[in-house]
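To start, the structure itself, in C-alpha cells.
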Amino acid sequence: MRLPKLTWIYALYSYSFPFRFKIGITERAVKDRCADIERSIKDETGHTVTVRKFVAVPSFFAYRLEQYLHRKFARFSHRMPGSGKTEWFMYLNAGSCLLFMLALYGFELSVSPAYGAILLLAPLPLDFALLLILALCVEAVAVVGGLILLLTFLKTIL
C-alpha cells in the first residue's frame, strides 16, 4: 500500500491582476512555484509581474482538494498567461465579507458596513484562504482521530 504524499496546496495572487487568484499544488517550495509562474508570464507577455503567496497548507489530499476547488469555482475561472493559466479565478471575497458582518452582528458590535465592503473588495484571496485553512483543520482532525483509533485498537490487543 502506498501512503499519500504530503503536498502543498496554495492560493497565490498578484497586484498586477486584481481580483484574480490562483489555486494550485506543488511538492516544492511555494516561493519556487511563484518564481516559475513569474518567469512564464514574463516569457509569454514581456511584462514583469510579482506573484505572491497568500496561504499555503500541507495536505495529504492536495490533488483531490485542488481538483474539487477548481470544479466548484469553474464559473469564476479566468484564463491567464503563463504556467498554470487555467487555475486562476476572478472572485470577490463575498464569503469573508458575509462571515465578518455576521460575526459583528453576533457580537452586537455597531460597525459601518463599509468595513464589509473593504473585505469584499480586498485584492487578496481571503475566501480561498479560509477554505484551505478549513480543509487543513478537517484533515488534521481526521489524522489525529485515526491515530487515536489505531492506538486504542493496539492497546486492546496488547
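Results, tabulated for the structure shown:
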| read-out | value |
| --- | --- |
| Dipole moment magnitude, nearest 20 debye, the chain about Cα centre, only Lys, Arg, Asp, Glu C-beta charged | 380 |
| Number of Lys pairs (Cα under 24 Å; 8 or more positions apart or on different chains) in the range 1-126 | 17 |
| Among Ala56, Ala29, Ala135: highest mean-square fluctuation, GNM of the chain, C-alpha pairs under 10 Å | Ala29 |
| Average Cα contact separation per residue, the range 72-148, under 8 Å, 6 or more apart, as relative contact order % | 24 |
| Gaussian network model of the chain, Cα within-10 Å springs - most flexible of Lys85, Lys31, Lys22 | Lys31 |
| For the chain, calculated [θ]222 nm from helices alone, where every DSSP H run of n ≥ 4 adds -39500 (n - 2.57) | -17000 deg cm²/dmol |
| Relative contact order [Cα under 8 Å, 6+ residues apart], the chain, whole percent | 26 |
| Residue-count net charge about Tyr91 - beta-carbon cut-off 12 Å; Lys, Arg +1, Asp, Glu -1 | +3 |
| Choice from Pro18, Pro113, Pro123 with maximal GNM fluctuation in the chain (Cα, 10 Å cutoff) | Pro113 |
| Helical segments meeting 27 Å axial Cα length and Kyte-Doolittle 1.0 threshold in the chain (DSSP H) | 126-157 |
| Value of relative contact order over the range 7-91, rounded to a whole percent, pairs C-alpha under 8 Å and six or more apart | 38 |
| Rounded if a/c under 1.5, otherwise prolate or oblate - the range 88-158, Cα gyration tensor axes | oblate |
| Formal net charge of residues neighbouring Glu139 (Cβ-Cβ distance under 14 Å; K, R +1; D, E -1) | +1 |
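Just so you know, all these numbers are worked out from the coordinates, no wet-lab data involved. For clarity, every value in this text was computed on a predicted model and none was experimentally measured. Reconstructed Cβ throughout: ideal geometry from the backbone, glycine too, with neighbour counts over all protein chains shown.
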